[in-house]
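Below is one structure, written out as structure tokens; the observations come after it.
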Amino acid sequence: MITPVQQKIRDKTITPQKWAEMVKSGDWICLGGAGADGVACPDALVDRIGDGQGMVKDIELWSYGHFNPMRFHSVDPQERYHLHHEGFFFPWARKQRDESGTIDHISWEWAMGLWQSYYRFFHRQKSKRGLDWTVISCSPPEGGYFNFSYSTGGAMAWAQSAKKLVLEVRQDYPWAEGGANNLIHIDDVDYIVEVDMDKYPWPQHEEAEPGEAECKIAENILSIMQDGDCIQLGIGGLPTAVARAISQCGLKNLGVHTEMLQEGLIALIESGAVDNSQKAIDRGRSVWGFALPLNLQRYYDFVHHNKSLAVYDVNYTNNIKQLSQIDNMVAIDNFLAVDLQGRISASYYNARPISGTGGFFQFLAFCALSKGGRSIATATSTNEVKGKLVSRIVPTLPGGSNVDVPEHLVSWVATEYGMVNLWGLSSYERARALISIAHPDFRDDLERDAQRLNLKPRHFPTAMVGPERRYPDYEERRDFKLPYTEDWQYFDYDI
């Protein structure tokens, strides 16, 4: 016997082609991102864009890390009939923009940035919302509820910003235990599309393997870690190296509070080093917001109904209120370049979109506000560009670069040549500290650049930053926390 809930699901289930027929010229469509990729519906819509009878044009697409390449750009490469706004440029999107100059870049970040960006479309009355459609992926329903699974981080913001919500149900998406904002009821869904898994498989890729430099950086990071730390890791080979190093060094009672769940963290949790026993919030559970399942079966087996995990939207995972409550919160994230004053670029560099800010700013700025918190911006000291080795530590960020974290919020910076803490340092002390962890081939030039930029006062002591400059060492100040209270001005700094 069919239950009322099952009947509702049947009544709202349509084909991708049926949805494409409902789209009108001028519609604005959100395709999610970061694990939420709508695939079947946009693929059907591609066949309708153009000038002919029954075709549509002036379509605007909004996405934030669409992992699956879309046919829009092969059918309409010059974007005559559609405009694509993208916030996180995966390789296919970077290639499209480099070759044709299309795809509008959205400067954004998770949490505050995402919600501000999408909630300009929000209205309590659905008919007045700014987006016409939101099309995002989810796992199969249970008890009348659909689970946003890998896309929980931004799914509710996207769902509540459109007049109509379409869920693409993927059988290969696991049920991710909450947390919060990971579920939506059938009554709040307008249409359902069953994804043909053979036609639209999730792209599978090998996890980035760390190189020698990444492993050395991981070794450097371990020097300031301790039992009971709560960890956030970003994407790529470096976080994988850090996770492996942690699992092999004997640290215990660790916690996880991250925006992105990735292979390094999965392996670290499985190693037994993580038990989340020291966390003030979400004790006993590893918190995450989204995932890109590069190994679909591996991620499914780990996430599906795993009650030791808790998935939340990014307004929780990346929020200063939560991060500042977690003692010994450690954020480890990659950057593209840092200048001699400590300004970091991690998204749009040298007039080219590389990525999105994502949670880079929130974790690097907010984790340092927790008691014992540390935020570590990491990168290899050099990068190869057109066959030439270039330094990631630069005199100034080139024109057309985003400053994703301003210098006064940057603390630890790590390369394979060491780690430095920039907090409280003067401009020239920052420059000298960063030069000390640059690739040796570039240090002399960077020192001359520091003088050219007037960062060095005429009579500055020649000694490098260190104990001789009277700064307390890291061990003495790691538990220091500024008082954020009404009577902060009466704080006795000698206590």
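The values are calculated or read from the model by the stated rules, or taken from the named source; none is laboratory data. Please read these numbers as outputs of a predicted model, since none were measured by experiment. Here the Cβ positions follow ideal geometry from the backbone for every residue, glycine too, while neighbour counts run over all protein chains shown.
Filtered by the rule that a residue be in contact (Cβ under 8 Å) with a residue 60 or more places away in the chain and either in contact with a Lys or Arg (Cβ under 6 Å, 6 or more places away or on another chain) or outside the structural domain of Val189 (by TED's automatic domain parsing) (or both), region 125-160 gives Asp132, Trp133, Ser137.
Can you confirm whether Glu79 is outside any helix (DSSP H, G or I), assigned by TED's automatic domain parsing to the domain that holds Gly101 and modelled with pLDDT of 85 or more? So Glu79 does not fit the description; no. A single entry from Asn295, Asn318, Asn306 fulfils the requirement of being under 23 Å from Ile266 (Cβ atoms), buried (at least 23 other Cβ atoms within 10 Å of the Cβ) and either at pLDDT below 90 or out of contact with any strand residue (DSSP E or B) (no Cβ under 6 Å at 6 or more places or on another chain) (or both): Asn318. Taken over region 326-356, the residue count meeting the criterion of being in a strand (DSSP E or B), of a type outside the set (A, V, I, L, M) and modelled with pLDDT of 95 or more is 1. Of everything listed in (1) crowded, with 18+ Cβ neighbours inside 10 Å; (2) among the charged types (D, E, K, R); (3) out of contact with any Leu (no Cβ under 6 Å at 6 or more places or on another chain), the single unmet condition for Glu214 is (3). Of all residues in region 182-207, those that are surrounded by fewer than 20 Cβ atoms within 10 Å (Cβ to Cβ) and modelled with pLDDT under 95 total 10.
Taking region 134-178 only, how many residues are hydrophobic (A, V, I, L, M, F, W, C) and part of a strand (DSSP E or B)? The number of residues fulfilling the criteria is 9.
When you scan region 281-292, how many residues do you find that are in a strand (DSSP E or B) and at pLDDT 95 or above?
So the answer is 3.
Taken residue by residue, region 375-388 has at least one member that is polar (S, T, N, Q), more than 22 Å from Leu453 (Cα to Cα) and in contact with a Cys (Cβ under 7 Å, 6 or more places away or on another chain). Against the conditions (1) in a helix (DSSP H, G or I); (2) assigned by TED's automatic domain parsing to the domain that holds Thr15, Asn181 satisfies every one except (1). Please work out which one of (1) among the small types (Gly, Ala, Ser); (2) surrounded by fewer than 24 Cβ atoms within 10 Å (Cβ to Cβ); (3) under 19 Å from Leu434 (Cα atoms) is the condition Ala351 fails and give its number. Only one criterion is unmet by Ala351, namely (3).
Exactly one residue out of Val385, Val410 is surrounded by 21 or more Cβ atoms within 10 Å (Cβ to Cβ) and modelled with pLDDT under 95: that is Val410.
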